[in-house]
Amino acid sequence: MILVVDDDKSIRLSLKLVLERNGYEVALADNPKAAMQVIWDVPAVELVLMDMNYSNSTDGEEGLTLLKQIKVFRPDVPCILMTAWGTIDLAVQGMRAGAFDFITKPWDNGVLLDRIETATQIKNSKFKIQNSPHSLEEGLGVRLPSLSDIYSTVTRVAPTNAPVLITGESGTGKELIAEAIHRQSHRANGPFVKVNLGGISTSLFESEMFGHKKGSFTDATSDRVGRFELAKGGTIFLDEIGELSPSSQVKLLRVLQDQTYEVLGDSHTRRTDARVVCATNADLRKMVEEHTFREDLFFRINLINLHLPPLRERREDIPLLVDHFLQLACAANKLPRVKVSADAIAYLQTLPFTGNIRELKNLVERALLMKASLSPNPSPVREGNQRGECLLTSNDFQSNYSPTSSINTPLSPGRGVGGEAWSWEGGSLDSMERSAVAACIARNNGNLSLVAKELGISRGALYRKIEKYGL
């Protein structure tokens, strides 16, 4: 049952008609006292849809008081506030006081019903999972023990339309979580559109997000479809939302609130049908306090918050991640199975990993490819392994670890090993191999026997590499 609280009779009856046509039972109250009587007497109330003002006063104090009373007696019942754009600050105060959501008057019936459905679904936690129970782990590639709460929350909220805010440092896997939410939602067959808001200038924001018509401005030589239109029926992932300028924040808030927008050069209002998932590595609460991020926008995108801790705070995940990244790299590069020694794992668990999972992935790939390239054979060196598996030791990772380059120079697919050059952002594998060999020679004070042993190659192979690189 939904309790509608409003002093305007026409609004009460209008909402009653809309809700009953969509299968909801409805109770009505025209003032806070009557509303609380229903709360006390009717346990079946599952949601409250309430106005903020009930007299000539427009400060919203009556609504805020009623909200607080409801949360005391029925803290499990979500409350959706109704307010006009001119008093949207009242809605923000209500969200601080525990309101689930807010809508603006005049409302759109579709938007209203969507918000009610989301609220009741999350309250009841009875969602039909569209994909297999393991789809989240499959998307991330590995089930990490430290993220068990995240997995549980994703499974619960993915089938709803609730906006989700994913926070965490760069490289913690925010985009992977967003994709997992999309795959487990009823929009899984629709598009997943990624938008890096940090790369969109304020002047191009409307054109990029909502599209434009040919001739709508000087450089508009053809029509452009906006990102919200591209995401129709699916999910739009707004990354780096903390980078939005104040003016762009206002435009985005209006779309998220009313689910409508206008294409530049076209006066026709269009409705968006995209689930919104946002991500940021910024502290949005601090930005709100500093008045650099709108509080009303923050509450609009932060209905569900998922925080991904940095890798240095979940070192138990490192062995699983290393194994996963090695499997992927070996498959992509057609290399045999690879194992990692216990001392290598112990070494990796001591690193700060300021670049988080992304940095670890780059380091693992670099160590593997360097091991492969330094081998005199076309496949990695086997070190006394009965099954012929390559063994990566702590030396392999130490010789390739750089706190800066491992973050800024991720590997990208190149050609195979055995004389063919690999490349990554910043140079070729030859240049990386030369640096690694030179560093190893320096560490061992020119003792080539020790160098060959550390690199896992014969002295003859080492001499050829010294000659090749002019060392």
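Summary of values
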quantity: Qualifying residue in the stretch 109-128 (condition: of a type outside the set (Val, Ile, Thr), modelled with pLDDT under 80 and under 19 Å from Ala27 (Cβ atoms)); calculated: yes
quantity: Check on Gly171, under 15 Å from the mean Cα position of the chain (by Cα), touching a residue at least 12 places away in the same chain (Cβ under 8 Å) and part of a loop (DSSP other than H, G, I, E, B); calculated: yes
quantity: Cβ-Cβ under 8 Å pairs, at least 6 apart or on other chains, the stretch 432-444 side not assigned by TED's automatic domain parsing to the domain that holds Leu455, far side at pLDDT 80 or above; calculated: none
quantity: Residue match in the stretch 5-21 (condition: closer than 23 Å to Arg96 by Cα and polar (S, T, N, Q)); calculated: no
quantity: The stretch 14-33, residues that are in contact (Cβ under 8 Å) with a residue 12 or more places away in the chain and not charged (D, E, K, R); calculated: Leu15, Val18, Leu19, Asn22, Tyr24, Val26, Ala27, Leu28, Ala29, Asn31, Pro32
quantity: Meets criteria (surrounded by 17 or more Cβ atoms within 10 Å (Cβ to Cβ), at pLDDT 90 or above and part of a helix (DSSP H, G or I)) for Val277; calculated: no
quantity: Evaluation of Leu303 against (1) without any contact (Cβ under 8 Å) to a residue 12 or more places away in the chain; (2) assigned by TED's automatic domain parsing to the domain that holds Val154 (one fails), failing number; calculated: (1)
quantity: Meets criteria (touching a Leu at 6+ places or on another chain (Cβ under 9 Å) and aromatic (Phe, Trp, Tyr)) for Phe192; calculated: no
quantity: Some residue of the stretch 84-91 being polar (S, T, N, Q), part of a helix (DSSP H, G or I) and touching a residue at least 24 places away in the same chain (Cβ under 8 Å); calculated: yes
quantity: Spans of helices (runs of 4 or more DSSP H) in the stretch 392-460 with at least 1 residues at pLDDT 50 or above, within 35 Å of the chain's Cα centre (by Cα) and buried (at least 16 other Cβ atoms within 10 Å of the Cβ); calculated: 394-398, 429-443
quantity: Number of positions in the stretch 9-68 that are part of a helix (DSSP H, G or I) and of a type in the set (Phe, Trp, Tyr); calculated: 1
quantity: Some residue of the stretch 27-45 being under 36 Å from the mean Cα position of the chain (by Cα) and surrounded by 12 or more Cβ atoms within 10 Å (Cβ to Cβ); calculated: yes
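Conditions tested, residue by residue: (1) assigned by TED's automatic domain parsing to the domain that holds Met95; (2) among the acidic types (Asp, Glu); (3) outside any helix (DSSP H, G or I); (4) free of Cβ contacts under 8 Å to residues at least 24 places away in the same chain.
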site: Lys286; (1), (2), (3), (4): no, no, no, yes
site: Glu316; (1), (2), (3), (4): no, yes, no, no
site: Leu328; (1), (2), (3), (4): no, no, no, no
site: Ala332; (1), (2), (3), (4): no, no, no, no
site: Thr354; (1), (2), (3), (4): no, no, yes, no
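The values are calculated or read from the model by the stated rules, or taken from the named source; none is laboratory data. Given the structure is predicted, the values throughout are model-derived calculations rather than measurements. Reconstructed Cβ throughout: ideal geometry from the backbone, glycine too, with neighbour counts over all protein chains shown.
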